[in-house]
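Quick notes on the structure that follows.
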Amino acid sequence: MAAPAPDAWEELVTSALLGTARRTPPGVAPGPEAPVALLDAAAVETVRRRAGLRPTRASQRPQPAPEDTRPPLPAAAARRLAMLLADRPGTGGGGRRGTAPDLMELLPQWLATANARGYAAPPQVLPALLDAARGRTDLRPAALAFAGSRATWLARLNPDWRFALRATPGGGAALPSPQDTAGVRLLWEEGLFAERVALLSAIRAREPATARELLATTWATERAEDRLMFLDSLRTGLEADDEPFLEQALADRSRNVRATAAELLSALPGSALAARMAVRAGACVAVDHTQDRPTVVVEAPHECDSGMERDGVVAKAPSGRGERSWWFGQLVEAAPLVVWPGRLGGRTPEEIVALPVADDWRNELHAAWCRAAVRQRDAGWARALLGTPAAPEAGGPGAVSLAERARLLSTLDSAERAEWVAAFIATHGLSEAFQLLGVCEVPWAAPLGRAVVDALNIARDAGSYPWSFSGVMGLAERCLDPAEAGRLEGLMAVPDEGEDASPGAGGYWAEAFQRLVTTLRLRATMADELEAAEERGMA
């Protein structure tokens, strides 16, 4: 049999695409039998191509995965992890079923506990763990910490797990020590972007000045998006010595870099930018003593000059927003809060927030103070703006939205935060509490847990359906202290249905409370499986 032409397959493909009426491959006669002849020729050529393949040199085997020196999971905890991972969507076990716990929602807490105990992940569950983290971005930090360096080793072999390389600074590669100046210099100048960010962050955590000097060596030649990311890394350990570098960044040709530099400088109350903003904001706000009671008056700026723009004030207002109020809000937000008592008659933050504000500027002024309190982590001003949780209108004097209240709460310590939210729920119920509960430490403190359970009980007695509170109920399953399960047992029975109750609501509530109790007990068992192993290891 004669050897086929080198381009025989391409000729067959061309004929098939054009049709045998327009073109026939070599050796095939035109006519009604041409299509069959074409297919026969293609079959022969396919067999020949497959049979004629020559073996190639075997590719190099990957390097072995690094050792994980952490202690292994105890057997019971390892089985529990496998069960949790088997319940994720797409495995045939996911979904919420009656009174059964939603196991996938318990995985974050299990991972947090396992990471706190310092256990190593069983190698056989790593693929399932990476698959779970691929589908849930909120799960990735804890999952990758638990998976350890083997996660990045696996991620290099499977494109579906590349997120692990992006999420792990330096892609899991070892960083040179700060004392290795040549290695640091080489990686900083020639490394990948993720490696450079990891290097800068690592040095910043231990030697802020060295990190700043390293960044300055290449700052002028970096791309705008890279300058922005590097500048953002200075948030960690931000200190007064960063001010000269940040002041220079105010003249950067990138607007985003300038804005970030201005934001960081405004978080340094002693910086020159903070002082300039204090002068500008102070010129806009005063106390009028000519009225029946002292009243705050606002005179917003009439223009956004070049100095304001250099200090990070964005001149163009968003659509639907007045320019003067837009500029005013940015000035107050960036001004140090410590200047206001002196500017407004020596009053405390509570007294200042309680003052009436003329000409409908109250919300604008208080919202800017809210942003400043969060940026400057000022708990005193945060308390003043939050007000008392029992205040009418479900909010404090200055907090104009639930999102702002949640951000203000984040500046308080965990115990004070839980106490405030518990009192808020006791007064206003659960309808607006979901966002506030999200910033409270897990497991919830006892007063907060009792407030949530009491409010759920009240909602049940009111006759509404439980799915009106499904968000809070889901949070309770994940955040309520398992020790509260005993208090909930009395709510698991189906109550008598009142005249005004929604049809069947009592049965749905009983099912919801049964699921809550089952979940709390399962969480207690999960914790025992990890705690007991630790105690055995210490014995």
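The values are calculated or read from the model by the stated rules, or taken from the named source; none is laboratory data. All values reported here derive from a predicted model rather than from experimental measurement. Backbone-built Cβ (ideal geometry, glycine too); neighbour counts: all protein chains shown. The accessibility values were calculated without ligands, DNA or RNA, using every heavy atom of the protein model including side chains. Shrake-Rupley method; radii C 1.70, N 1.55, O 1.52, S 1.80 Å.
Is there a residue in region 293-300 that is assigned to a loop (DSSP other than H, G, I, E, B) and among the small types (G, A, S)?
There is at least one residue in region 293-300 that is assigned to a loop (DSSP other than H, G, I, E, B) and among the small types (G, A, S).
Name every residue in region 276-287 that is open to solvent by 60 Å² or more (accessible area, probe 1.4 Å) and of a type in the set (V, I, T), in order of residue number.
Within region 276-287, just V279 meets the criteria.
Can you find a residue in region 288-301 that is open to solvent by less than 20 Å² (accessible area, probe 1.4 Å), at pLDDT 90 or above and either under 27 Å from A418 (Cα atoms) or touching a His at 6+ places or on another chain (Cβ under 6 Å) (or both)?
no
Given the residues L228, L265, L246, L273, which is the only one that is hydrophobic (A, V, I, L, M, F, W, C) and open to solvent by 10 Å² or more (accessible area, probe 1.4 Å)?
L228
Scan region 170-204 for residues that are farther than 21 Å from M229 by Cα and at pLDDT 75 or above and jot them down.
Within region 170-204, D180, T181, A182, G183 qualify.
Tell me which residues, restricted to region 113-139, are assigned to a helix (DSSP H, G or I) and among the charged types (D, E, K, R).
Listed by number, the residues that qualify are R117, D131, R134, D138.
Can you run down the residue pairs with Cβ atoms below 7 Å, 6 or more apart or on separate chains, where the first is in region 221-236 and under 11 Å from S254 (Cα atoms) and in contact (Cβ under 8 Å) with a residue 24 or more places away in the chain and the partner is among the hydroxyl-bearing types (S, T, Y) and open to solvent by less than 100 Å² (accessible area, probe 1.4 Å)?
Matching pairs, first to second residue: A224/S254; R227/S254; L228/S254; L228/T260.
State which residue is modelled with the highest pLDDT when the search covers only region 381-423 and only residues that are under 14 Å from Q435 (Cβ atoms) and of a type in the set (S, T, N, Q).
S410
Condition test on L238, is it open to solvent by 10 Å² or more (accessible area, probe 1.4 Å) and assigned to a loop (DSSP other than H, G, I, E, B)?
Answer is yes for this residue.
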